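Input: a single structure, listed below in structure tokens.
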Amino acid sequence: MVRIKLITTIALSLVLYACTGQKNKKGLQPENSVNKAKENNSNTESSFSSDFNDQISQVVRTIFQDSKGNLWFGTQNGAFKLEGDSLSHIDNLTSINGKGIAIKEITESKDGKIWFGHTDGVSSIEGNTVTNYYESDGLISNDVWSITADKNGNIWIGTIAGVCVFNGQEFTEFVLPEGIIDSTLGISSTKMVHSIFEDSKGTLWFSSNAGLFSYANNSLIDVSKKAGIQTNFVNEIFEDKNGEFWVSTKKGLYNLKDNKATNITKEKIVTGKGIGSVAEDKEGNLWFVSNQHFLFTYNRERLIEYNKTESNKDPVVFQIFKDQNNRLWFVGFGGAFRLENGKFINVTKNGPW
């Protein structure tokens, strides 16, 4: 039985804000101009100009919407909850030494608990009660990068030292093949797991420095080897509304279909540090990040880069997310933004929600 650091009567510092915000926009470039250098355009409006002092946080790493419709923001300054028009900071999500933490990923278990993977362990919140778990409780590493809850209520945790699963009572290591270190990143390991995802059929997917793996019916499959993904470094897998899979990797964005992976970005865009977050808008277009700074859309026929200028650069987008109202969010270095009617809206502490 694990020892649990239980903190009760959490003070949710509720702060009500007015709904205000700034709207900016950019145009799209056709496919044949994707790799061309872009000229400065003094008439182009800034899409991601933001006042750091007014942001939810200067760095919003992740966003999640729970079954009740509440939005949760994982930031370098801990977690924030948006309930209605009320934004509150979640206190008592702390390191083992009582210090603040940066949230990497958020999920919800079937019992309604919200779980956070962060820079010093994992935490859950139920009502006004926060529970923090560390290596001293059986977690294989406090350096957590991914977390997801499966349909059976198990919590899967990806760390710099591999994967473990929490059944509500104890942590058990789940062994994946060991990969290689990504020397282009400041933090990397042979066992790093970037993302864990459960698809619509209940299959678990692990994106790691050893490639992409699927797990179902007690069988672990090396999908990278089987499907032909030409890199060890897999960031995440995304399932679209039609049940098709898209895999973001260091070498490009792959479409995974009939056990075959096709790199749709090969020789079409510069991937650099790789493809990051992937999401689908209400029209069925894919949005994804390439080389940390560049936004692309894909309508299943052609790639389109979202235009920017030297004077108006995009932020580093860590995650693209579609909420229950089919609105696209872009969060990262610079704060939180939402795409509405072709325009980006900077969502600050004052909204607009």
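Taken together, the values in this text are just the output of simple stated rules run on the coordinates, not laboratory data. Quantities reported herein were computed from a predicted structural model and do not represent experimental measurements. All Cβ positions, even for glycine, are placed from backbone atoms using ideal geometry, and neighbour counts span all protein chains on display.
Can you sort PHE73, PHE64 so the residue with the fewest Cβ neighbours within 10 Å comes first? Show your work: numbers first, answer last.
Details: PHE73 27, PHE64 21.
Ascending Cβ contact count within 10 Å gives the list PHE64, PHE73.
Which order results if TYR298, TYR254 are arranged by neighbouring Cβ count within 10 Å, fewest first?
TYR298, TYR254
List the residues whose amide H sits under 5 Å from the amide H of GLY211, counting only those 5 or more places along or on another chain, with H placed 1.01 Å from N in the peptide plane.
Here the answer is VAL234, since their amide H atoms fall under 5 Å of that of GLY211.
Hey, can you grab everything whose amide H is under 5 Å from the amide H of TRP145? Only 5+ residues off in sequence or another chain; H modelled, so Pro and N-termini drop out.
Residues meeting the criterion, in which the H sits 1.01 Å from N, are GLY158, THR159, ILE160.
What distance in nm separates the simple spin-label points at LYS68 and ASN53, each placed 7 Å from Cα in the Cβ direction?
Distance between the two pseudo-spin positions: 3.4 nm.
Calculate one ³J(HN,Hα) per residue across region 90-104 by plugging θ = phi - 60° into the Karplus curve 6.51 cos²θ - 1.76 cosθ + 1.60, and present them in order as whole Hz with x for glycine and proline.
8, 7, 6, 7, 9, 6, 5, 9, x, 8, x, 9, 9, 7, 9
When Lys and Arg each count +1 and Asp and Glu each count -1, what net charge do the other residues less than 14 Å away from GLY84, Cβ to Cβ, add up to?
Taking every other residue near GLY84 into account, the sum is -1.
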